[in-house]
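Everything on this sheet refers to the single structure shown next.
The values are calculated or read from the model by the stated rules, or taken from the named source; none is laboratory data. From a predicted model like this one, the values you see are computed outputs, not experimental measurements. Using ideal geometry, Cβ is built from the backbone for each residue, glycine included, and neighbour counts are taken over all protein chains shown.
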Amino acid sequence: MSKTGIILTDYGNTQSVFNALDFCGLNPVYLAHPEKMDEVSRVVLPGVGHAGLVLKEIQARGFDEKLSRCVFEGSLPFLGICVGMQILFSFLREGNLPGLRWFDGEVSQFSEVNKDSSPINMGWSAVENCNHVDELIMKNIPLRRKHFYFCHKYAVFQTQEKINLIWSKNEQKFLAGLFRDNILATQFHPEKSGRSGLDLLRNFGNLD
């Protein structure tokens, strides 16, 4: 039976992610040590709070190197949620340090990009995405249900990546998610996004 590993950190809303994955039949287990990643069929990195602190914990425990090997060399399906998405980018303004550099882009505050923006984006927002994302990650999620729950002060507003991108907007357009090969990352919280979020998690579970 395939298992879905959830990386444990001091900053992740791991219980709600566990419950959602369990509801979807994806057999979640907690990963407290990097070597345990060899025992799962896919891995999820949740995160809330301070991106710089999450990144430092991931690095201190050796999850960063193990993740890179498993995801890029072993093609292990990966899902990063909220801060778990932000730390994948090249630079984090929250902490002023380099991210994991899986993708190009700087994670900045809304107020840094637009002084008139609300300091926090919280609540339900629609997303816009390309056809390839529709075919795979957004499968069985009709247009009227492409609304997801967000809660964040920081986001990526520009990227040079030529991959499948998902966008959203409050006062400012920002990157709501991305998908490339075996990697899915969302700024929104699928585990808190009702039926649409559960459908997205099921689609992630079907990646191989």
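Checking the condition part of a helix (DSSP H, G or I), of a type in the set (Phe, Trp, Tyr) and out of contact with any Ser or Thr (no Cβ under 7 Å at 6 or more places or on another chain), which residue from Phe91, Phe72 passes? Give the derivation first.
Working: Phe91 fails: part of a helix (DSSP H, G or I).
The conditions single out Phe72.
Before we move on, is Ser75 out of contact with any helix residue (DSSP H, G or I) (no Cβ under 8 Å at 6 or more places or on another chain), in contact (Cβ under 8 Å) with a residue 60 or more places away in the chain and surrounded by fewer than 18 Cβ atoms within 10 Å (Cβ to Cβ)? Spelling it out, Ser75 is indeed out of contact with any helix residue (DSSP H, G or I) (no Cβ under 8 Å at 6 or more places or on another chain), in contact (Cβ under 8 Å) with a residue 60 or more places away in the chain and surrounded by fewer than 18 Cβ atoms within 10 Å (Cβ to Cβ). The strands (runs of 3 or more DSSP E) found entirely in the stretch 106-179 that carry 2 or more residues being at pLDDT 90 or above and among the aromatic types (Phe, Trp, Tyr) are 147-152.
Conditions (1) of a type outside the set (A, V, I, L, M); (2) within 30 Å of Asn206 (Cβ to Cβ); (3) in contact with an Asp or Glu (Cβ under 6 Å, 6 or more places away or on another chain), marked per residue:
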residue	(1), (2), (3)
Glu65	yes, yes, no
Glu73	yes, yes, no
Phe91	yes, no, yes
Gly95	yes, no, no
Arg101	yes, yes, no
Asp104	yes, yes, yes
Trp124	yes, yes, no
Asn129	yes, yes, no
His132	yes, yes, no
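If you go through the stretch 1-37 and pick out every residue that is outside any helix (DSSP H, G or I) and of a type in the set (Phe, Trp, Tyr), you end up with 2. Just so you know, in the stretch 87-99 the residues that are of a type in the set (A, V, I, L, M, F, W, C) and crowded, with 18+ Cβ neighbours inside 10 Å include one that is farthest from Asp64 (Cα to Cα), and it is Leu92. Looking across the stretch 131-150 at every residue that is among the β-branched types (Val, Ile, Thr) and within 15 Å of the chain's Cα centre (by Cα), the one that is farthest from Gly197 (Cα to Cα) is identified as Val133.
Sub-6 Å Cβ pairs linking a first residue in the stretch 134-163 that is surrounded by 13 or more Cβ atoms within 10 Å (Cβ to Cβ) to a second residue that is part of a helix (DSSP H, G or I), at least 6 apart or interchain, are Ile137/Asn203; Lys139/Asn203; Ile141/Ser196; Ile141/Asp199; Arg145/Ser196; Tyr149/Lys192; Phe157/Val113, ordered by first then second residue.
Remark: pairs (first residue in the stretch 95-122, on the phi > 0 side of the Ramachandran plot; second residue part of a strand (DSSP E or B) and surrounded by 13 or more Cβ atoms within 10 Å (Cβ to Cβ); Cβ separation under 7 Å; 6+ apart in sequence or on different chains) = Arg101/Ser90; Gly105/Phe89; Gly105/Ser90; Gly105/Val156.
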